[in-house]
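Asks: After the structure tokens below, expect a handful of questions from me.
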Amino acid sequence: PEPKKRGRKSKEEREQWLKEQAEKEANLPLYDKKIEAQLDASLEDLHAEVPQEPKWGVKKNSAGKNEFWFGYKGHLAVGTSSQYIFQSLFSSGNLNDGKAAIPLLKGVDERLFLPNVRYETMDAGYDFEPIYKQVYSMGHQSVIAYNKRNEPEPVGFDKHFAPTCFREHSYRYDSYDAKYETLKYTSPKECKDCPLANEELCQKVFKMKITKDLRRYTAPARG
């Protein structure tokens, strides 16, 4: 057979390849698709299509070593005050934890009346943008540990995405305005003795809408 061409695909080849990939993705079972596909799926479909055959699962323990098991997983949404189980999902042992979050959240939202619930707290295994979107659509706030992937360091911001001043001191989180969905940051404490304080190089108050990036900007602010 003729060897494949090396290098970049032509525009036509790339468009054809993208079309084939989209068709492949569309024909996958719901839980094999990307997590964002769950946002438009009904709760009934999410429960009906969850894989439940015993499979090998793997997870890193606190020492950073892999632990293996064969069987199943139970995914639970639990009230932190009451310790009641609000929703549960039973799946194959190899299902990614992140793919169980939206079914649990939709179950809490559609099947229960919990007006006092305001926050959804999860570990870094659930740090996926569609999960933040689902929490936001419920009118709640996400408190999810940030799982840094292959992302460059943000310019003009610290590791918690708070803005920094001219000398790279972090602004302090002050409050959240629910009406305008805006985080308010005030000038760093180091500004008091800063020789540049009167040079008008740094602003005293910095405001950020959480909808600019639901994953980075949560209320209360990260950090």
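Asks: When the residues of the range 78-103 are narrowed to those that are open to solvent by 20 Å² or more (accessible area, probe 1.4 Å) and in contact with a Ser or Thr (Cβ under 9 Å, 6 or more places away or on another chain), which ends up modelled with the lowest pLDDT?
Replies: Out of the qualifying residues, it is THR80.
Asks: Scan the range 73-100 and report the pairs whose first residue is closer than 18 Å to PRO130 by Cα and assigned by the TED database to the domain that holds LYS33 and whose second residue is modelled with pLDDT under 95 and in a strand (DSSP E or B), with Cβ atoms within less than 7 Å and a gap of 6+ or a chain change.
Replies: Taking only residues 6 or more apart or on different chains, the pairs are LEU95/LYS73.
Asks: Kindly check whether there is at least one residue in the range 144-159 that is open to solvent by 50 Å² or more (accessible area, probe 1.4 Å), touching a residue at least 24 places away in the same chain (Cβ under 8 Å) and touching a strand residue (DSSP E or B) at 6+ places or on another chain (Cβ under 8 Å).
Replies: No, the conditions are met nowhere in the range 144-159.
Asks: Of everything in the range 85-118, what is under 17 Å from the mean Cα position of the chain (by Cα) and part of a helix (DSSP H, G or I)? Give them in sequence order.
Replies: Within the range 85-118, GLY98, LYS99, ALA100, ALA101, ILE102, PRO103, LEU104, LEU105, LYS106 meet the criteria.
Asks: Now for a different question. Which condition number does ASP40 fail, the rest of (1) loosely packed, with under 11 Cβ neighbours inside 10 Å; (2) over 25 Å from the mean Cα position of the chain (by Cα) being met?
Replies: Failing condition for ASP40: (2).
Asks: If you go through the range 1-35, how many residues are under 30 Å from ASN94 (Cβ atoms) and either under 23 Å from the mean Cα position of the chain (by Cα) or not charged (D, E, K, R) (or both)?
Replies: To start, the set of residues in the range 1-35 that are under 30 Å from ASN94 (Cβ atoms) comprises 17-35.
Filter once more, so that each one left must be either under 23 Å from the mean Cα position of the chain (by Cα) or not charged (D, E, K, R) (or both): 17-18, 21-22, 25-35.
Residues that pass the stated criteria total 15.
Asks: Which condition number does GLY223 fail, the rest of (1) open to solvent by less than 40 Å² (accessible area, probe 1.4 Å); (2) at positive phi; (3) small (Gly, Ala, Ser) being met?
Replies: Status for GLY223: all satisfied but (1).
Asks: Looking only at the range 171-218, filter to residues that are part of a loop (DSSP other than H, G, I, E, B) and touching an Asp or Glu at 6+ places or on another chain (Cβ under 8 Å); which one of those is nearest to GLU151 (Cα to Cα)?
Replies: Restricting attention to the range 171-218, the residues satisfying the condition of being part of a loop (DSSP other than H, G, I, E, B) are 171, 178-181, 187-188, 194-204, 213-218.
When the remaining residues are screened for being touching an Asp or Glu at 6+ places or on another chain (Cβ under 8 Å), the result is 214-215.
Working: LEU214: 16, ARG215: 13 Å.
Among those residues, the one meeting the criterion is ARG215.
The values are calculated or read from the model by the stated rules, or taken from the named source; none is laboratory data. Fair warning: this is a prediction, and the values are worked out from it, not measured in the lab. So basically every Cβ, Gly included, is an ideal-geometry build from the backbone, and we count neighbours across all protein chains shown. To get the accessible areas, we keep the full protein, side chains included, count just its heavy atoms, and leave off ligands, DNA and RNA. Shrake-Rupley method; radii C 1.70, N 1.55, O 1.52, S 1.80 Å.
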